[in-house]
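Heads up, the thing below is written out as structure tokens.
The values are calculated or read from the model by the stated rules, or taken from the named source; none is laboratory data. Note that the coordinates shown come from a computational prediction; the quantities given were computed from them, not determined experimentally. Using ideal geometry, Cβ is built from the backbone for each residue, glycine included, and neighbour counts are taken over all protein chains shown.
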Amino acid sequence: MFDVTDVQGNILRGYRQPRVRHLILAVADATEARSWLGATVSGAGSVPQVTSQAPWDEKPSVCFNIGLTFEGLRALGAASSSLASFPTEFVEGMTARAEKLGDIGDSAPEHWPAPFDKPRDVHLIASIYAKDVADLDRVQGQALQNGRAFRLLGVREGFNFHGDYVHFGYHDNISQPRFAEIHDPADYPDPQPMAPLGTVLLGYPNNFEGLLWRVPDPVALGRNGTFNAFRVLAQDVVGFESYLTEAAKYLLTQRGVDELLPPGDEGKIGPGLSREAALREIVAAQMCGRWRNGVPLAKSPDTPYPEPPLPEEQLNNFDYPAASGCPYSSHIRRSNPRDAQIVQRVANNSRRLVRRGMPYGPPYDPDKPDAADAPERGLLGNFIGASLGAQFEAMCTDWVNVGLQDPRVTGSNDPLIGANARETGWFDVVLKSGNTFRLRSLPRFVRTRGGAYTFLPSISAIRYLGSLGK
Ligand code: HEM
């Protein structure tokens, strides 16, 4: 029997809280840390209580969740037989998998700032979700009150922009996998197949026929848990916006650009836009697969403002038929090919990830260019799935980077988030006729600045960890 109340929150249901603070912690005293863990699921209020998937009538004002690295499980005293039952990629940790993830060049772990420069010290990430900083401060104080259980290695803090926009100016958080056991299909009028629960929780069938991900030992620890790739991804907004200008200027020199943007259609892209400005938006839309306002190219290839307007609940109602207006190379088509024919046919729906992220750093204001010492900005991303190797890593390795899913994009990387470099990066803007304009000298816009693979234990597993050694 599946018991939703045993699953940590923010996995099957997003919180939509305005702010997050991730506390990056090292276990200082294993006994104290274990009793702290036990206390987080005890129902007594001495430490923050872990939020579960239990239904709520009213959203709590603060939510609290934890993830443990492999080193964290070891520091807590998990048995060696139990540690040996975790999958290799989790055991090795994110930094050991850098090349697979495209963490190369200045994204390589040796350039990550503290606390991610000492990955073996990162044991636990405690995440507080709340509406304001005062609540974050209060819960952080409560979490670390004891002073003996953990050392605070660092903090990463993010906040939601109005309307779920993220740096680069796109509306995000539209497409998420839905689960038959949790979501009523009637509430989601789109053709996306419901994901089996085992896509995101250990112990249940997934999309691979007859294959179950190994539930780490003992079952009390592994079942109803899942894995998370926590990523600190810096975004070069200035570089992105100036590349759009560069691309638009180039397109204006190309014969055939009128097929991409018929003269006089600039107003369809946005009120009062110049030809160059309209082409910039077309390139931005093709790179993502959605116009910046979230309208998918698959449904509205010519304008971000279709008439009649697309209601919010229709923004995910599409697939990729052969003549789709969405480029094969776009970020959303790479990371979820939906029903499209791809080389790894069996993988179409098996790599789906739950995404829970929030921007960090100030929104970019084009009227106030950044000072040299301007704070970094980007995304604090959680990419959650039952198998880091078969989902997150497979997506990064052969779809986001390399582009193995379709011979027309093989050899290119995701235009928004891929490990591109000026010397080699390219992206094909697709025309209705199927012809393409190749944009070259595509640089890297998203740089990795830290992260960790964590295990998100169930509520009963947190209780189990709390009782170790007793
Ligand atoms: C700073 C980095 C990133 C930015 C700015 C970004 C931006 C976006 C945007 C604007 C969307 C469209 C909104 C939606 O469909 O919900 C999207 C969707 C998505 N992204 Fe990202 N993303 C980033 C990193 C990543 C990473 C690292 C991955 C995984 C390796 C990823 C996987 C996905 C997936 C699976 C979707 C949903 C696609 C679909 O179901 O159609 N993204 N992203």
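Of all the numbered requirements in (1) closer than 19 Å to ILE174 by Cβ; (2) within 13 Å of the ligand (Cβ to nearest atom), SER350 misses one, and that requirement is (1). Across the stretch 178-192, the qualifying residues are those that are of a type in the set (D, E, K, R) and under 18 Å from ASN10 (Cβ atoms), and the one among them that is nearest to the ligand (Cβ to nearest atom) is ARG178. Counting the residues of the stretch 160-177 that are part of a loop (DSSP other than H, G, I, E, B) and more than 11 Å from the ligand (Cβ to nearest atom) gives 2.
Please tell me if GLN49 is free of Cβ contacts under 8 Å to residues at least 24 places away in the same chain, in the same structural domain as ALA126 (by TED's automatic domain parsing), surrounded by 15 or more Cβ atoms within 10 Å (Cβ to Cβ) and not hydroxyl-bearing (Ser, Thr, Tyr).
Yes: the conditions hold for GLN49.
For the structure I just gave you, tell me whether VAL402 is within 16 Å of the ligand (Cβ to nearest atom), out of contact with any Pro (no Cβ under 6 Å at 6 or more places or on another chain), β-branched (Val, Ile, Thr) and modelled with pLDDT under 95. When the stated conditions are applied, VAL402 passes them. Among the basic types (Lys, Arg), without any contact (Cβ under 8 Å) to a residue 40 or more places away in the chain and either within 25 Å of VAL446 (Cβ to Cβ) or surrounded by fewer than 21 Cβ atoms within 10 Å (Cβ to Cβ) (or both) - does that describe any residue in the stretch 239-256? Yes: one or more hits.
Taking ALA186, is it free of Cβ contacts under 8 Å to residues at least 40 places away in the same chain and among the aliphatic types (A, V, I, L, M)? Break it down into steps so the answer makes sense when it comes.
Working: free of Cβ contacts under 8 Å to residues at least 40 places away in the same chain: yes; among the aliphatic types (A, V, I, L, M): yes.
The answer is yes for ALA186.
In this structure, GLY270 does satisfy being touching a residue at least 12 places away in the same chain (Cβ under 8 Å), over 15 Å from ARG438 (Cα atoms) and not aliphatic (A, V, I, L, M).
Can you say whether LEU310 is within 12 Å of the ligand (Cβ to nearest atom) and surrounded by 12 or more Cβ atoms within 10 Å (Cβ to Cβ), as far as the supplied structure shows? Judged against the criteria, LEU310 is not a match. From VAL283, VAL257, VAL215, VAL219, which residue is within 16 Å of the ligand (Cβ to nearest atom) and either of a type in the set (Lys, Arg) or modelled with pLDDT of 95 or more (or both)? Testing whether each residue is within 16 Å of the ligand (Cβ to nearest atom) and either of a type in the set (Lys, Arg) or modelled with pLDDT of 95 or more (or both) leaves just VAL283.
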